[in-house]
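Below is a structure I'd like to ask you about.
The values are calculated or read from the model by the stated rules, or taken from the named source; none is laboratory data. This one's a predicted model, so the numbers in the text were calculated from it and none came from an experiment. Here Cβ is always computed from backbone atoms with ideal geometry, including for glycine, and neighbour counts include all displayed protein chains.
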């Protein structure tokens, strides 16, 4: 059985083995989290090519900083913290942010027909009800792109990466209540902006 598939070996143990010179241990950590981390980066940035680069940077940072990791904590939230920081830095370097179109299909879903819009909270207007043409679709993407970074981050971590609130709190280094309030604010922000756009038409 491969190390990454052996659930009896914890992330921390794999990291310890890596620090002791076991090359297979680090490769196992990469395999254990590659899909989750890549999907998070792709959805956060809306750019697969950029996500590929950031994926490499994330695990390079894990390799370089492994010795500084507090082994009394869980590795997964720390790994997502690195990934989120890499993604935020990359987006800040761009003149304008890009996001995956909400009607684009989400990779890795069972039927390959699930769109990002399908994953949005039910109290947000369903894009298929209102995104009837290119102009409307661009308006929806614009609302997401213009969301404050702290709201967009929590939305991606919760709805797209499906991280539990507790792990999101660790990634963002904020209290659990802050995660919940930010997520509520993100949903409210999207809905309010969309209604405003609809009134302007």
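Out of 176, 172, which single residue is modelled with pLDDT of 85 or more and over 23 Å from residue 86 (Cβ atoms)?
On the way: 172 fails: over 23 Å from residue 86 (Cβ atoms).
That would be 176, the only listed residue that is modelled with pLDDT of 85 or more and over 23 Å from residue 86 (Cβ atoms).
I would also like to ask the following. If the requirement is being surrounded by 15 or more Cβ atoms within 10 Å (Cβ to Cβ) and either over 23 Å from residue 142 (Cα atoms) or free of Cβ contacts under 8 Å to residues at least 24 places away in the same chain (or both), which of these qualifies: 61, 23? Can you show your working first?
On the way: 23 fails: surrounded by 15 or more Cβ atoms within 10 Å (Cβ to Cβ).
Just one listed residue meets the conditions, 61.
Kindly evaluate residue 40 against the criterion of being surrounded by 13 or more Cβ atoms within 10 Å (Cβ to Cβ), at pLDDT 90 or above and not assigned by TED's automatic domain parsing to the domain that holds residue 159. Spell out the reasoning first.
On the way: surrounded by 13 or more Cβ atoms within 10 Å (Cβ to Cβ): yes; at pLDDT 90 or above: no; not assigned by TED's automatic domain parsing to the domain that holds residue 159: yes.
Judged against the criteria, residue 40 is not a match.
For residue 184, state whether it is modelled with pLDDT of 85 or more, more than 16 Å from the chain's Cα centre (by Cα) and either crowded, with 17+ Cβ neighbours inside 10 Å or outside any helix (DSSP H, G or I) (or both).
Details: modelled with pLDDT of 85 or more: yes; more than 16 Å from the chain's Cα centre (by Cα): yes; either crowded, with 17+ Cβ neighbours inside 10 Å or outside any helix (DSSP H, G or I) (or both): no.
Judged against the criteria, residue 184 is not a match.
On to the next question. Restricting to region 150-175, count the residues that are surrounded by 13 or more Cβ atoms within 10 Å (Cβ to Cβ) and in a helix (DSSP H, G or I).
Qualifying residue count for the region: 18.
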